[in-house]
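Take a look at the structure set out below.
The values are calculated or read from the model by the stated rules, or taken from the named source; none is laboratory data. Please read all numbers here as calculations on a predicted model, not as lab measurements. Neighbour counts run over all protein chains shown; Cβ positions are idealised from the backbone, glycine included.
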Amino acid sequence: MPSLTNKLQQIYETLYRAFGPQHWWPGDSPFEVMVGAILTQNTNWANVEKAIANLKGADLLDPARLYQACENSPPPKGEGQGEGVLSLIRPAGYFNIKAKRLRNFLKFFIDEFGGDVTLMKKAPLETLRPMLLGVNGIGPETADSILLYALDKPIFVCDAYTYRIFTRHGIAGEDADYHQLQSIFMDNLPNDPKLFNEYHALIVRLGKDLCRPKPRCEGCPLESQLPQSNNYQL
DNA sequence: GACCAGGCACATC
DNA sequence: GATGTGCATGGT
């Protein structure tokens, strides 16, 4: 019986062989990653890309300018072609709540670190994570996405795909919460941000392509690694 | 038209 | 403490 470490590594290798490097996070700068992490909450990434493109087009992908824009939001409702943040991030859905969350994060980022990624990066993970979780609108997944993908900190990001795939493989219990799920990876894998980065990206790739909630999963590269008891209704 | 997508906060029981 | 609900667009 392979150890949990071996099992996790086997799954990683299988996914890496099947899909190759994912080159995550798909963003041009750490700040863009941070913004994307908030905008992608419960939202398809393709829609987030449109919102980010809008922000870029308005030259707002900058902490101070974006914060100002959030403060000056909202534009009048209705037909107005407002360039307010609300209109710009509209394609990402939940635009009212996300504008508030962006604003909360940006206030924190500017107050604590002057909007300086390099400065934020210098703070230890153990300090940063609780700080981020203290921002209204930043939960565990968003915090960890920022820590790993924008700041290169060694923390494993879990999401709905991670839960779905690893419970169905019998590796996580159905009742596992975020922290328990995360511990499976962090306690059994080398503490390497590069590995955590690629592993999570591969999980999302598998989830998007093959591990939908309802349709039967066809051609999943992990098929041979599923437990016998699993009926494979991924 | 229904379902889903890289969550989170808040109200209610 | 657990569960339910609102937030909202766009692709399949």
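Here are a few things to note about the model shown:
- Where helices (runs of 4 or more DSSP H) sit wholly within the stretch A:88-144, those with at least 1 residues that are under 19 Å from A:S73 (Cα atoms) occupy A:95-113.
- Criterion (outside any helix (DSSP H, G or I) and within 9 Å of DNA strand B (Cβ to nearest atom)) met by exactly one of A:P26, A:P21: A:P26
- Selection of the stretch A:160-206 for residues being within 16 Å of DNA strand C (Cβ to nearest atom) and among the polar types (S, T, N, Q) yields A:T167, A:Q180.
- Residue check, A:A143 closer than 15 Å to A:N42 by Cα, of a type in the set (A, V, I, L, M, F, W, C) and without any contact (Cβ under 8 Å) to a residue 40 or more places away in the chain: yes
- Tally of residues being within 14 Å of A:T167 (Cβ to Cβ), modelled with pLDDT of 95 or more and outside any helix (DSSP H, G or I) across the stretch A:177-207: 0
- Within the stretch A:86-131, tally of residues that are more than 16 Å from DNA strand C (Cβ to nearest atom) and touching a Leu at 6+ places or on another chain (Cβ under 7 Å): 7
- Within the stretch A:29-59, restricting attention to residues that are assigned to a helix (DSSP H, G or I) and of a type in the set (S, T, N, Q), the residue that is farthest from A:E141 (Cα to Cα) is A:N54.
- Conditions (1) at pLDDT 95 or above; (2) within 16 Å of DNA strand B (Cβ to nearest atom); number of the one not met by A:D59: (2)
- Here the stretch A:29-47 is the region considered, the condition is being farther than 18 Å from A:Y161 by Cα and β-branched (V, I, T), and the residue that is farthest from DNA strand B (Cβ to nearest atom) is A:V35.
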